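Working notes, beginning with the structure itself.
The values are calculated or read from the model by the stated rules, or taken from the named source; none is laboratory data. Remember, it's a predicted structure, so these values are computed and weren't measured experimentally. Note that each Cβ is placed from the backbone with ideal geometry, even for glycine, and that neighbours are counted across all protein chains shown. Accessible surface is based on the protein model in full, side chains and every heavy atom, while ligands, DNA and RNA are left aside. Shrake-Rupley method; radii C 1.70, N 1.55, O 1.52, S 1.80 Å.
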Amino acid sequence: MRVVRAEQVDDGWLVSAIGEGDPRCPDCGEHSRSLHSWHNRRLQDLPIQGERVALKLRLGRWRCRNRRCERKTFVERLPALAAPVARRTHRVIELLQLLGHTAGGRPGEMLAARLAIPASDNTILRQLKRRAATRAKAPVRVAGIDDWSWRKGWTYGTIIVDLERREVVDVIAERSMEAAADWFARHPEVEVVCRDRCGLYAQGAREGAPQARQVADRFHLLQNLRESIEQQMTRISRFAGRSLLSPTDSRGASGLEDDLQPSRRTQRDARHALFDRVHALYAAGKTLRDITAATGVSSAPWATR
């Protein structure tokens, strides 16, 4: 486009320009030299020094001389500036999409008003939906699958994420083995399925993508490690964890030193022995500090007994 003038109006700046696009028919692509009339278009652009900017474009309306084309007239287009029917330039739409993606609808609306590019929350969300609809879908090689809560405690679905691009690929309205298997069957390019320990998704991946390798994600690996550590720690009495009992009192049910799984009866006997020893020391006139040093147990577990 060719800028003609820029003037300051009440609500900001108005930049007048004449379009110098390629007069080609958008349907048949034939170049036209027959001008029909003029078309005025107004676009919202990025602000200048915190003030709004509007572009007033004068575009030519041309005749299509191709007799086999159904379109008789068309307005020249500026694809580098804005979409054919858009009210904002590409760079304004891109900024609104970023605001909506990071802040959401209403917060994005407040930020856009502060940046002098006013737009409603519905407009911001609509731009996000248009971007998602026109985005090219790349093949999914590593797919992550997990449940998705539509309403916590009531309705659950399934969400599938491309872990390489870190983008949501699909959201299924139900959480079932059949739905997961059907989705994987329609995507034979999947090579790795990352999932939790849910049996529904495991069976769905086996049936829908038998060629894929199933792995656990990082979160559940750490969760498995934490649960294993907790399970090993709970096998030893919390009272005997630092106690100075004799080795025979801490043996397992079999009486062997290498028994790593003492029975509940052995744990109870160890607690009772420690309890009796603490009270014997207390009856002998020992202080709390002396009892703690002798048994290795603080006063919290037994002081209230």
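Helices from the chain with mean Kyte-Doolittle at least -1.0 and a Cα length along the axis of 30 Å or more, per DSSP H: which? Before the final figure, lay out each step's value.
Details: long enough: none.
Both cut-offs are met by no helix.
For Lys129, which lysines qualify as cross-link partners when the Cα separation must be under 26 Å and same-chain residues fewer than eight apart are set aside?
Lys137, Lys152
In whole percent, and with a 1.4 Å probe on the protein chains, what portion of the accessible area of the range 126-211 is carbon and sulfur?
With neighbouring chains kept in place, the figure for the range 126-211 is 52 percent.
Hey, what's the chain come to in accessible area per residue, 1.4 Å probe, Å²?
Accessible area per residue: 68 Å².
Could you tell me the calculated FRET efficiency between Tyr156 and Glu94, based on Cβ-Cβ distance and R0 = 35 angstrom, to the nearest 0.05?
Working from the Cβ atoms, E equals 0.50.
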